[in-house]
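Scroll down for the structure; my scribbles are underneath it.
The values are calculated or read from the model by the stated rules, or taken from the named source; none is laboratory data. Just so it is clear, the structure is predicted and the values come from calculations on it, not from any experiment. We place every Cβ from the backbone using ideal geometry, glycine too, and count neighbours over all the protein chains shown.
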Amino acid sequence: MRIDILTLFPEMFAPVLGASILKRAQDKGLASYHLHQLRDYTTDPHRKVDDRPFGGGPGMVLMCQPVLDAVAAIEAGDPQPATRILLAPTGQTFTQPLAEELSKLPRLLLIAGHYEGFDERIHQLLQPREISIGDYVLSGGEVPAMVVLDAVVRLIPGVLGDDLSAHGESFGQADATVQGGLEYPHYTRPREYAGLSVPEILLSGNHGAVEKWRREQAGKRTAERRPDLLKDG
Ligand code: SAM
């Protein structure tokens, strides 16, 4: 998958793209990241990309010209059609099923906003998918772009060491142990710590019993903590 990122702060991405799973995905040739500085596309002699809002009010608004020209140039840089994703608090809430859907695409173009956001005509002309990472306001779209990137890239087949390790996770597609709700609890060595023991069933070697226990635990946790995720309420 090719991922283009249009941002005023490309330097924010280097540590995130250069470590852990995202780095491994690039090293394995399963993902490639291309950062683009929005200011490189403005025709303003002072590299300005924003201006005051018509009608008054606080803050600055990202102008059409730099964003539209940047998107055209970036898209022309590779023949694969890009799915445009604009990070915005007003967008569709990002979820695991949406991450799964995006992980199947060949190319994403993530557009990070700043200041008060984008001139409305950018939304109208680009017709991007608009994604919000939650009901709160961050100062820029860079962190939301990293959130989307991380959640999507780890789902590309072959990125995680064991292809199955993304299966059965919280919010994912239903499998034997997680029905689209929260995941069951995990334990590792030692068997006892600070007076707390690992549940006996996990030491039994009985795979069927372990799977049944995990399914029950996942259901119990989901009902207690996130009843909204249960299909029948
Ligand atoms: N004036 C906007 C509003 O009230 O909806 C907020 C703009 S915010 C300060 C600046 C930029 O940060 C946005 O253009 C967007 O790219 C990004 N951003 C902030 N919160 C976000 C969220 N929850 N999800 C996705 N992007 C977000």
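Out of Leu155, Leu110, one residue alone is within 16 Å of the ligand (Cβ to nearest atom), within 11 Å of the chain's Cα centre (by Cα) and either within 20 Å of Pro15 (Cα to Cα) or assigned to a loop (DSSP other than H, G, I, E, B) (or both). It is Leu110. Apart from one condition, Glu183 fits all of (1) among the charged types (D, E, K, R); (2) away from the ligand (no atom under 16 Å from the Cβ); (3) not in a loop (DSSP other than H, G, I, E, B); the exception is (3). Within segment 82-98, the only residue that satisfies the criterion of being out of contact with any helix residue (DSSP H, G or I) (no Cβ under 8 Å at 6 or more places or on another chain) and more than 16 Å from the ligand (Cβ to nearest atom) is Pro97. For segment 17-56, the tally of residues that are closer than 22 Å to Asp78 by Cβ and not in a loop (DSSP other than H, G, I, E, B) stands at 16. Filtering segment 113-132 to residues that are of a type outside the set (Asp, Glu) and more than 7 Å from the ligand (Cβ to nearest atom) leaves Arg121, Ile122, His123, Gln124, Leu125, Leu126, Gln127, Pro128, Arg129.
Criterion first (at pLDDT 95 or above, within 8 Å of the ligand (Cβ to nearest atom) and more than 27 Å from Leu30 (Cβ to Cβ)) does Asp135 satisfy it? The answer is yes for Asp135.
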